[in-house]
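We did not get these values from a lab; they are worked out from the coordinates using the rules stated. Computed from a predicted model, the values in this text were never measured in an experiment. Glycine gets a Cβ as well: all are built from the backbone with ideal geometry, and neighbour counts include every protein chain shown.
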Amino acid sequence: MLLRSLSLSHGYETLTLTLRPNRPAKNRLSKIIKSCAPRMDLQGQSVAIIGLGKSGRAAARLALARGASVLAIDENKNLGLLEQDPLFEEYSGLRTILGNLDVQLLKDVDLVVVSPGVPPENYDLSTLLESGQRIMSELDFAAEILPKDIKILAVTGTNGKSTVVTFAGQMLNHFGIEAFVGGNLGNPLSEAAFLCLSPSMKPRFQVAVVEVSSYQMEIPNKYFCPSVAAVLNLTPDHLERHKTMKNYAMAKCSLLSHMTDTKLGLLCFGNQHLNEAVREHAENFNLAWIGAFPGVKINIETKIASLEVPTMGVVSQLQLDAMNVMGTHNYYNAAVAALCVLGLDLGLDANGMSSTIENLRAPPHRMEIVHRDANGVIWIDDSKATNVEATYTGLLGLKQQKSVILLGGLAKVVYGEETNGFEQLIDPLKYQRCVITFGSSGKMIQKTLSDNGLSIPCIGAKNMEDAVNCAKRMAKFGDAIVLSPGCASFDEFRNFEHRGLVFQEMAFSS
């Protein structure tokens, strides 16, 4: 569900929620609020933080540091109280509520900040909006405190956003430009905002490179205004939450809502859903394309990318042959990252971008070579491939590497589709040794592949451990064992990172 309207007025209602007043912090934070002069004064105000995952906890600390009293809320009764967390011991004015919540409490605070893991329909947020309650996303809440001279480079898309963000950060560092890299990847933006809360007001970074998920954009943003924003691609994913591709595209393209003629937006060329969504969100900014000019085009054969930033009007060449990251899709990730970095208008030499390519390193669990065992088998962790399209992209880079492919877990819901999407893997799988399916969706995947004429052996396993043991028996000298599940991990693991780490442990024990 995409909330389309948001009131950000500064008129406050009389409070009925009673919290202890927030004492000044015991250390350097005691002078933060006065020295920062934020656009939104939270001193003495009350803020409800909904969702106490990594983003929510960071937002809670940021609110407390700005002088607010905080009501920390999560439906998970098994979470610990923030009051007992050493990270919050210097603050008062904090109260945690776990489990069921009286929604009336949300009407009695000055501001509600929603973590990305919380669907907007929870806690009756739509009704709260209609009543005039001030509601912000964690992303917008954090962006409001960032100094204006910090440029934001934001990246979203179904696949590839973590890698593009990581590459962009590495490129900036190569040129001596300090960058915060986070958002949906790693540290929340609220952590970056917290770093800016210092009496000296000297930011520790010049650019915030932010990965943005569709969940973070469901509540419209006012302060999160990137200098460069890229929407990499859009394929069916997260439809259990967004319901339709139109809703999904609208959430992604809301990243472009505040772009102006001094900003650069980068969009996947030829995607109908994105084209329709961007017309509703975009106003007046410089638009570039992934796959067309102005923008980025790649010749895979010559390993050369051509880049044209609209505001620069010059086509430069990016040499990709020195790249050490697996997969031809990473040529695109590197080229897009380079265009985004150039679009920040930091005075970098476009022709010097090729010098960054050799040292690029992908984030973990993305076609990551983790081990070569005594039997000459290469182990590759692509646990981040949580949907079919990501697995498909990874397989395209394995045509010259005979592999045993592990597919399985919890398949993503695709509303309105008669297939689960795994049939599109038939062609790239034909180059491989065999397929082993596992997990709660393993039998379904095996049937889909068999029904669509898979030409290599397809073996069913109960869970990932069984699948790995089977893979060891099937792999020959020089083969690779590749975990590229095409599914979510929650049937067996906490998240894709946990799944990848368990796979790596199995690799090293082989």
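Normalised by the number of residues in the chain, the average gap of Cα pairs under 8 Å and 6 or more apart makes the relative contact order 11 percent. Of the peptides 86-95, 438-447, the ranking by mean beta-carbon count within 10 Å, highest at the top, reads 438-447, 86-95. Enter the angle in degrees (range 0 to 90, nearest 10) between the Cα long axis of helix 161-174 and the first principal axis of the Cα atoms of the chain, meaning the one along which they spread out most. In the chain, helix 161-174 runs at an angle near 80 degrees to the longest axis. Each residue in TRP379, TRP289 was given a count of other beta-carbon atoms within 10 angstrom of its own, and listing them fewest first yields TRP289, TRP379.
Shape class of the stretch 258-413 from the alpha-carbon gyration tensor: oblate, with a/c at 1.5 or above and b/c at least as large as a/b. Relative to the longest principal axis of the Cα atoms of the chain, the long axis of helix 272-281 lies at roughly 10 degrees. Neighbours of LEU346, meaning other residues whose beta-carbon lies under 14 angstrom from its beta-carbon, give a summed charge of -3 when Lys and Arg score +1 and Asp and Glu score -1.
For LYS402, list the aspartates and glutamates whose Cα falls under 19 Å from its own Cα; do not include residues on the same chain fewer than 8 positions away. Hits, sequence-local ones excluded: GLU368, ASP373, ASP381, ASP382, ASP427, ASP479. A Förster radius of 22 Å combined with the Cβ-Cβ distance from LEU195 to LEU81 puts the calculated FRET efficiency at roughly 0.30. Relative to one another, the C-alpha centroids of the stretch 155-181 and the stretch 56-125 are positioned 30 Å apart. Spin-label model, ASP373 to ASN495: label points 7 Å out along the Cα-to-beta-carbon direction sit 2.8 nm apart.
Give LYS54/LYS462; LYS443/LYS476; LYS151/LYS399; LYS54/LYS107 a once-over and call out the pairs whose C-alpha atoms are over 29 Å from each other. Among LYS54/LYS462; LYS443/LYS476; LYS151/LYS399; LYS54/LYS107, the Cα-Cα distance tops 29 Å for LYS54/LYS462; LYS151/LYS399. A simple rule links phi to the HN-Hα coupling: the Karplus curve 6.51 cos²θ - 1.76 cosθ + 1.60 with θ = phi - 60°, which for the stretch 219-231 gives 9, x, 9, 10, 9, 7, 10, x, 6, 9, 9, 10, 10 Hz, with x for Gly and Pro.
Exposure proxy shown here: for PHE503, PHE477, the number of other Cβ atoms within 10 Å sets the order, fewest to most, as PHE477, PHE503. For the pair ILE456 and SER510, the difference between a 0.36 nm per residue extended length and the Cα-Cα distance amounts to 17.0 nm.
Quick check on the exposure proxy: order ASP124, ASP140, ASP261 from fewest to most C-beta atoms within 10 angstrom.
On the way: ASP124 14, ASP140 23, ASP261 9.
The most exposed by this proxy come first: ASP261, ASP124, ASP140.
Computed from Cα atoms, the angle from the helix 442-451 axis to the main principal axis of the chain rounds to 50 degrees. With viscosity 1.567 mPa s and temperature 4 °C, the Kirkwood radius over alpha carbon pairs of the stretch 28-136 converts through Stokes-Einstein to a diffusion coefficient of 91 µm²/s. Taking a Cβ cut-off of under 13 Å around VAL377, the surrounding Lys, Arg, Asp and Glu residues balance to a net charge of +4, with basic ones at +1 and acidic ones at -1.
In the stretch 146-359, the alpha-carbon atoms span a convex hull of 119 Å³ per residue. Remark: the ILE426-ALA292 segment gains 45.4 nm on full extension, using 0.36 nm per residue and subtracting the alpha carbon distance.
The mean sequence separation of alpha-carbon pairs under 8 Å and at least six residues apart, normalised by the residue count of the stretch 146-359, gives a relative contact order of 20 percent.
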